[in-house]
Amino acid sequence: MGMEPDGRHGKWLDSPARRSGCPKLRLGSGESGTGYNECMLKIRPATEKDVELILQFIRDLAEYEREPQAAIATPEDIIRDGFRGNPKFRVLIAEWDGVPAGFAFFFFNYSTWLGKPGLFLEDLFVKPELRGKGIGKALLAELAKIALAENCYGMKWEVLDWNQPAIDFYESLDAKLRKEWITVRLMGQPMERLALQTTKD
């Protein structure tokens, strides 16, 4: 899947900073401790070598969202769908001072009304002990660069209604909560039954 550090997918955040004076950057006021030190932060595309790390972030997020039993993806799943043939998703890894700090897991959808692709953020996670350093906002900023480079109409993601800190953070970015929409999901046996139906049913 690996994205190259060029204009098409946005500039990586680490390259010149680790070799020079590394100014402290300010990203805004959405997160406590909104600045991040460019010397310390690196955002890079995931590679197949990161599969176990990706799965650990997925499990950590499921634990945070109070559904640890729901995270059943395997290394084989991630390799098959992310790093073989036509990848179904992409992943960005954030590192703080060389330590894995968080990730963004995303893919593209399409707006029939706008006639443009969109970027859907499936998972965004930063380790609790590394929050407050602007890492989450830096990941979103990198996704915004990718969305612009891919001519996307925008970015979409979901947030649990009890996760008020996240809601406040997203609203600080001027992201809009679409409360009039309800997520619909069909899976498992109900989906299999539907697939077996014919036009006569």
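Of all residues in the range 177-189, those that are farther than 24 Å from Gln164 by Cβ and modelled with pLDDT of 95 or more have Cβ atoms under 8 Å from Cβ atoms of residues that are surrounded by 10 or more Cβ atoms within 10 Å (Cβ to Cβ) and not polar (S, T, N, Q), 6 or more apart or on another chain, in Leu186/Leu194. The number of residues in the range 166-190 being exposed (fewer than 11 other Cβ atoms within 10 Å of the Cβ) and either more than 20 Å from the chain's Cα centre (by Cα) or not acidic (Asp, Glu) (or both) comes to 14.
Filtered by the rule that a residue be at pLDDT below 95 and in contact with a helix residue (DSSP H, G or I) (Cβ under 7 Å, 6 or more places away or on another chain), the range 137-168 gives no residues. Only a single item in (1) within 21 Å of Leu143 (Cα to Cα); (2) at pLDDT 95 or above; (3) among the charged types (D, E, K, R); (4) not in a helix (DSSP H, G or I) is not met by Glu31, and it is number (2). The single residue among Arg66, Arg59, Arg84, Arg80 that is of a type in the set (Lys, Arg), without any contact (Cβ under 8 Å) to a residue 12 or more places away in the chain and part of a helix (DSSP H, G or I) turns out to be Arg80. Of the residues that sit in the range 74-113 and are exposed (fewer than 15 other Cβ atoms within 10 Å of the Cβ) and among the aliphatic types (A, V, I, L, M), which one is farthest from Ala144 (Cα to Cα)? It comes out as Ile79. Residues that are at pLDDT below 95 and within 19 Å of the chain's Cα centre (by Cα) occur in the range 35-48; there is at least one. Taking the criterion of being of a type outside the set (Asp, Glu) and either modelled with pLDDT of 95 or more or outside any loop (DSSP other than H, G, I, E, B) (or both), the residues of the range 190-201 that qualify are Pro190, Met191, Arg193, Leu194, Ala195, Leu196. Suppose the filter is over 25 Å from Gln164 (Cβ atoms), within 19 Å of the chain's Cα centre (by Cα) and at pLDDT 95 or above; does Tyr64 pass it? When the stated conditions are applied, Tyr64 does not pass them.
The values are calculated or read from the model by the stated rules, or taken from the named source; none is laboratory data. None of these values were measured; they are calculated from a predicted model. With ideal geometry, Cβ positions are generated from the backbone for all residues, glycine too; neighbour counts draw on all protein chains shown.
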